[in-house]
Amino acid sequence: MPDKPKLKLFDLTMIVVGLVIGMGIFRTAATAANAAITPGIFFSAWVAGGIIALCGALTYAEIGSVFRSSAGIIKYLRRVTTPP
């Protein structure tokens, strides 16, 4: 009979991190919804935030395609902050 798979420390850490982030997302959204004047403003802000996040993700993807390395963003930041 084979051994059952067991969770290791990294697996448990990632589960806890995911739970903390998930709870923060739901709590923040409820607070923002209460502070919004109308539901339309709340959903507009939600959509705008999603578009901004998508632009950021596409920017990081472009940097990763230009600097083909596991540390693409670090190489990019070193290149733009190092004087010529």
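If only residues of region 50-72 that are among the polar types (S, T, N, Q) and in a helix (DSSP H, G or I) are counted, the one that is modelled with the highest pLDDT is 59. Determine whether residue 37 is surrounded by 10 or more Cβ atoms within 10 Å (Cβ to Cβ) and modelled with pLDDT of 75 or more. Considered against the rule, which asks whether it is surrounded by 10 or more Cβ atoms within 10 Å (Cβ to Cβ) and modelled with pLDDT of 75 or more, residue 37 comes out as no.
If you check every pair at least six apart or on different chains, which have Cβ atoms under 7 Å apart with a residue in region 52-64 that is under 17 Å from residue 77 (Cα atoms) first and a residue that is in a helix (DSSP H, G or I) and of a type in the set (Gly, Ala, Ser) second? As it stands, the answer is 63/72; 64/72, since those pairs meet every condition given. Given the residues 16, 47, which is the only one that is under 30 Å from residue 74 (Cβ atoms), in a helix (DSSP H, G or I) and either modelled with pLDDT of 85 or more or of a type outside the set (Phe, Trp, Tyr) (or both)? Among 16, 47, only 16 is under 30 Å from residue 74 (Cβ atoms), in a helix (DSSP H, G or I) and either modelled with pLDDT of 85 or more or of a type outside the set (Phe, Trp, Tyr) (or both).
The values are calculated or read from the model by the stated rules, or taken from the named source; none is laboratory data. Since the structure is predicted, the reported quantities are computational estimates derived from the model, not experimental observations. Methodologically, a virtual Cβ is constructed for each residue, glycine included, from the backbone with ideal geometry; neighbour enumeration extends over all protein chains shown.
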